[in-house]
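The block underneath contains the structure these notes are about, expressed in structure tokens.
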Number of protein chains: 2
Amino acid sequence: MNDNLSQTFAALADPTRRAMLARLSQGEANVSDLAKPFLKAMSLPAITKHLKVLEKAGLITKTKDAQWRPCKLNGAPLKDATNWMEQYRAFWEESFDRLDAYLKTVTKEKRMKGKSHERKK
Amino acid sequence: MNDNLSQTFAALADPTRRAMLARLSQGEANVSDLAKPFLKAMSLPAITKHLKVLEKAGLITKTKDAQWRPCKLNGAPLKDATNWMEQYRAFWEESFDRLDAYLKTVTKEKRMKGKSHERKK
């Protein structure tokens, strides 16, 4: 049971927090820059709370620069989460294989019906 | 803003639910089989609640077999979640590149110090 993994997934389970990560993937930003797009929809304390969740999960780090304190994205927890998901890759690939097989059957049936229809003409 | 994604991540943010998915990756199982390993630690209603979260997120589906109703793992939401993570791959690869570069510098410095030490002898 990996508690870091729970913390990472919980942090990612929110569109505001994912949007913050998307912003940080463009480059470092300070809190007020990060807050700007959300200020119409929510209060500054709500925004800081989201940032704290991301920070606690290790997804962002605040640099020590006292004057500016920019945040930056930290990819390591995402790597762990992706590694966890990778175990299940067979399950989504398998379902697409099954879909693919199904579509092939349907297309084949359609083509055969088309031919028998032509023959009847 | 993708709400399905939030639902998937929220469902994965719990070690019991991840353990249930791990069990289902071994093959279909009915609710009582899935519940068994957790019955000492939690109540049956708590277990069913976890299963409902997984089902609502589309990570498991209950088959229609009225008598047995086995659950099975559904990989599609995991595929979407992995695709979302993939955008950030550069961030974890970059941090490992940086670590790698750092380790190379440290090793080089150590080697150089060793040599100067040898020369002093």
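Please tell me if B:Leu73 is touching a residue at least 60 places away in the same chain (Cβ under 8 Å), touching a helix residue (DSSP H, G or I) at 6+ places or on another chain (Cβ under 6 Å) and facing chain A (nearest Cβ under 8 Å).
Spelling it out, it is not the case that B:Leu73 is touching a residue at least 60 places away in the same chain (Cβ under 8 Å), touching a helix residue (DSSP H, G or I) at 6+ places or on another chain (Cβ under 6 Å) and facing chain A (nearest Cβ under 8 Å).
Identify all residues within the range A:1-60 that are touching a residue at least 40 places away in the same chain (Cβ under 8 Å) and of a type in the set (Gly, Ala, Ser); write none if there are none.
The answer is A:Ala10, A:Ala11, A:Ser25, A:Ala29, A:Ala57, A:Gly58.
Kindly indicate whether B:Pro45 is more than 12 Å from chain A (Cβ to nearest Cβ) and either in contact with a helix residue (DSSP H, G or I) (Cβ under 8 Å, 6 or more places away or on another chain) or over 30 Å from A:Arg18 (Cβ atoms) (or both).
Taking the combined requirement at face value, the residue satisfies it.
Against the conditions (1) aliphatic (A, V, I, L, M); (2) closer than 24 Å to B:Ala10 by Cβ; (3) in contact with a strand residue (DSSP E or B) (Cβ under 9 Å, 6 or more places away or on another chain), where does A:Val31 fall short? Just the number, please.
(2)
Does the range A:38-59 hold any residues that are outside any loop (DSSP other than H, G, I, E, B) and over 29 Å from A:Asp80 (Cα atoms), and which are they? Talk me through it step by step, then tell me what you get.
Here is the first cut: in the range A:38-59, the residues outside any loop (DSSP other than H, G, I, E, B) are A:38, A:44-56.
Selection gives A:Leu44, A:Pro45.
Which condition number does B:Asp33 fail, the rest of (1) within 14 Å of another protein chain (Cβ to nearest Cβ); (2) farther than 23 Å from A:Arg89 by Cα being met?
Failing condition for B:Asp33: (1).
Considering only residues that are loosely packed, with under 15 Cβ neighbours inside 10 Å and either away from chain B (no Cβ under 14 Å) or part of a helix (DSSP H, G or I) (or both), which ones fall in the range A:1-18?
A:Asp3, A:Asn4, A:Pro15
Which residue, of A:Gln26, A:Gln67, A:Gln87, is more than 13 Å from chain B (Cβ to nearest Cβ) and either crowded, with 19+ Cβ neighbours inside 10 Å or modelled with pLDDT under 95 (or both)?
Matching residue, one of A:Gln26, A:Gln67, A:Gln87: A:Gln67.
The values are calculated or read from the model by the stated rules, or taken from the named source; none is laboratory data. Note that this is a predicted model, so its numbers are computed, not measured. Virtual Cβ from ideal backbone geometry, glycine too; neighbours counted across all protein chains shown.
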